[in-house]
Amino acid sequence: MALAYQAFLKKGIDLAPLGWETNGMFIPYFCTPKGAKVLGWAGVDGIHYCIIRGFGDMIFAVSPMNVGDYVHPIARNFEDLLRLLLSCTDMAALEQCYAWDEEQYKAFLMDCPATPDQQAVLDAIRSKTSLEPMEDAFHYVKKLQAEFDLSAIPYTEDYYDEDMTPPCQRKLLSGK
């Protein structure tokens, strides 16, 4: 994955209009997994995207404002992430997919068509990578998430700190 991501960076395509920022310094959150390499962030609500040591090329969304599960896989690798973006035009659709049914996902896509800036980035991705949009992006992400054991994600001690994650939230996370 690192090579695919690094090769993409050399193409000079700025994903910021699609909700993937890389400018500035990122400071990890209490729920940033242990061993995470942050690749980008949304610029809102602490949402960030990473790979996690031990899970290969899989891309995860980390959403500190969620109650319950803070981390979800969103793509098997960076190439799939780009193909998903070609289908849904914005990282918000991928980050929120875990909580939506298909009708909500489709409503988001209808309500949030690509802006001219987003379309320019999507066109650049297509022309510089020769990738095609992911067919059935919603079910790809849902299947990936259904097959993934969230309890396998390692967290730092901050995650277990009662000031950072109160007991009521930890109960929701563990189901007990």
Going by amide H atoms built from the backbone, whose H comes under 5 Å of the H on ALA36, apart from near neighbours?
ARG53
FRET efficiency, ARG76 to TYR160 (Cβ-Cβ, R0 45 Å, nearest 0.05)
0.95
Per 0.36 nm of contour for each residue apart, how much would the distance between ASP14 and TRP100 grow if the chain were fully extended, relative to their Cα-Cα spacing?
28.2 nm
For ASP136 and MET65, FRET efficiency with R0 = 25 Å and r from the beta-carbon atoms, rounded to 0.05?
0.35
What Kirkwood radius, in Å to one decimal, follows from the Cα pairs of region 110-157?
14.0
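For the chain, give the magnitude of the charge dipole about the Cα centre (Cβ charges: +1 Lys/Arg, -1 Asp/Glu; no others), in debye to the nearest 20.
Magnitude of the dipole: close to 480 debye.
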For the chain, build the charge dipole from Cβ charges (+1 Lys, Arg; -1 Asp, Glu) around the Cα centre, then report which of VAL44, MET25, CYS88 sits farthest towards its positive end.
MET25
Note to self, the chain gives a 222 nm [θ] from helices alone (DSSP H runs n ≥ 4, -39500 (n - 2.57) apiece, / all residues, nearest 500) of -11500 deg cm²/dmol
Run the count for the chain, please: Lys pairs, Cα-Cα under 17 angstrom, 8 or more apart or on different chains.
4
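Throughout, read-outs are computed from the coordinates displayed, never taken from laboratory work. Computed from a prediction, not measured in an experiment: that's the story for all the values here. Backbone-built Cβ (ideal geometry, glycine too); neighbour counts: all protein chains shown.
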